[in-house]
Amino acid sequence: MIAHRPKKSAATLAGVNSDIQSYEKHFHHNLTASQRQRAALLSQKPHGRFDRSLLPDPVEYFARELGVLRGRGTWRDALCCFHQDTRPSLRVNTQTGAYRCMSCGASGCDVLAFQRQRYGQGFIDACRALGCWEGTR
């Protein structure tokens, strides 16, 4: 037998919403001016959008960024750019763009994650650098 949760009444939900609003109001008043300004900037929606289909081909991208990719098949080896590497320890997936260094542990799921980690970029800046951000600014 499955136990069902009782439905919350509209009055209970309204009370929860008012508690959240009063907390946000109280929290906002305790911020410094620079923290309020930063919160306002972070709440703005970015102009443009991410389009995954515009990400560069992983083989071309990694060859450009890392030089020679050694091996055949889906996973190939390269010198890791995240530490002083003398033997190829970075494995890159030529289909998905995933990567993992067997020495230092640097890893990610696609070329966008690699771009962000290598150059210390934020999401939108990395998207723009890779040409997969559509829109203004």
| If you stretched the chain out fully between M102 and F50, how much longer would it get, using 0.36 nm times the residue separation minus the C-alpha to C-alpha distance? | 15.7 nm
| said: Give me a comma-separated list of calculated 3J(HN,Hα) values for the range 86-93, in order, Karplus coefficients 6.51, -1.76, 1.60 applied at θ = phi - 60°, integers in Hz, x for any Gly or Pro. | reply: 10, 10, x, 10, 8, 9, 10, 8
| task | Grab the other residues whose beta carbon is less than 14 angstrom from that of A78, score K and R as +1, D and E as -1, and report the net. | result | +4
| remark: The long-range amide H neighbours of S89, using H built 1.01 Å from N in the peptide plane and a cut-off of under 5 Å, are A78, C80
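Read the figures in this text as sums done on the coordinates, not as results from a lab. Just so it is clear, the model here is predicted, and its values are computed rather than measured. Because the Cβ atoms are built from the backbone with ideal geometry, glycine has one as well, and the counts that use them run over all protein chains shown.
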